[in-house]
Amino acid sequence: MKKTLVLAAALLSLVACKKNEIEVKTEDTVIEGKDTTMVDTDTVTKDSVAPAETPETEESETPEGAEPAKEKAPAAKTTAAVKENYQSFGDKITADNAITKAQMLKKYNTLKPGDTITVKFKTDIKEVCQKKGCWMSLDLTQGKESFVKFKDYGFFVPLNAGGQEAIVHGKAFVSEISVAQLKHYAKDGGKSEAEIAKITKPEFKYGFMADGVLISE
């Protein structure tokens, strides 16, 4: 009986020790956990919290010395050049850089009798000599025309070239026809005395000595 009581007391003492040990460990653990999670609010400021960095996007860099790539321009639309076919007479000339008949008339208006200029212009043929083709008259607009002969009587143009396009190169000049000459021509042409009496001003004839001619085919 006595041994039993001693054994029971020993067991109770052992159980109490275990319980105390468990409680101590549990309290230490809780305290230790509090220490590790405690934050000192007096030392934490907004400056101490680093903002999250935004990742930068990488830009493609052009190697040093290399030119940046250029955008390709849209392909230009090309149109086939229309070429005019010409017959050539006299010296060989080209159709390039010929002025218009309106521009030629302006040049004639700046000339005085005795003046000459070397020029190339393009216009329409009004009339051709029907005997040999040794002269032609060219349109200058505003009812004016240029009377064209050929240098040194060295070549002629087709008799049927009237109405076709021509390009002429040579010397342009102005000739003055006096009132007396005009009245004489008018009388020879069968004009009436009243019509002849109306002639009171000299006329200026726009002449041209061509060394090369192109006529459209």
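The values are calculated or read from the model by the stated rules, or taken from the named source; none is laboratory data. Remember, predicted model here, so these are calculated numbers, not experimental data. Don't worry about glycine lacking a Cβ; one is built from the backbone with ideal geometry, like all the others, and counts go over all protein chains shown. For the accessible areas, the whole protein counts, side chains as well, though only heavy atoms, and no ligand, DNA or RNA atoms are used. Shrake-Rupley method; radii C 1.70, N 1.55, O 1.52, S 1.80 Å.
The figures follow:
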quantity	calculated
Candidate set: the stretch 142-188, residues that are assigned to a strand (DSSP E or B) and hydroxyl-bearing (S, T, Y); chosen: the one modelled with the highest pLDDT	S146
Residue check for K126: in contact (Cβ under 8 Å) with a residue 12 or more places away in the chain and either crowded, with 16+ Cβ neighbours inside 10 Å or not polar (S, T, N, Q) (or both)	yes
Flag if I93 is at pLDDT 95 or above, farther than 17 Å from S175 by Cα, touching a strand residue (DSSP E or B) at 6+ places or on another chain (Cβ under 9 Å) and among the hydrophobic types (A, V, I, L, M, F, W, C)	yes
Conditions (1) under 22 Å from K205 (Cα atoms); (2) without any contact (Cβ under 8 Å) to a residue 24 or more places away in the chain; (3) open to solvent by 40 Å² or more (accessible area, probe 1.4 Å); (4) not polar (S, T, N, Q): number failed by L182	(3)
Selected residue [outside any helix (DSSP H, G or I) and either at negative phi or touching a residue at least 40 places away in the same chain (Cβ under 8 Å) (or both)] from M104, M136	M136
Among the residues listed as T100, T123, the single one being farther than 17 Å from M209 by Cβ and modelled with pLDDT of 95 or more	T100
The stretch 84-123: number of residues that are surrounded by 14 or more Cβ atoms within 10 Å (Cβ to Cβ) and among the charged types (D, E, K, R)	5
Filtered residue count, the stretch 145-168, keeping only those that are open to solvent by 40 Å² or more (accessible area, probe 1.4 Å), hydrophobic (A, V, I, L, M, F, W, C) and under 14 Å from K131 (Cα atoms)	2
Qualifying position, being farther than 30 Å from D152 by Cβ and surrounded by fewer than 18 Cβ atoms within 10 Å (Cβ to Cβ), among K205, K171, K187	K187
When residues of the stretch 122-158 are limited to those that are in contact with a helix residue (DSSP H, G or I) (Cβ under 9 Å, 6 or more places away or on another chain) and of a type in the set (V, I, T), the one farthest from V168 (Cα to Cα)	T141
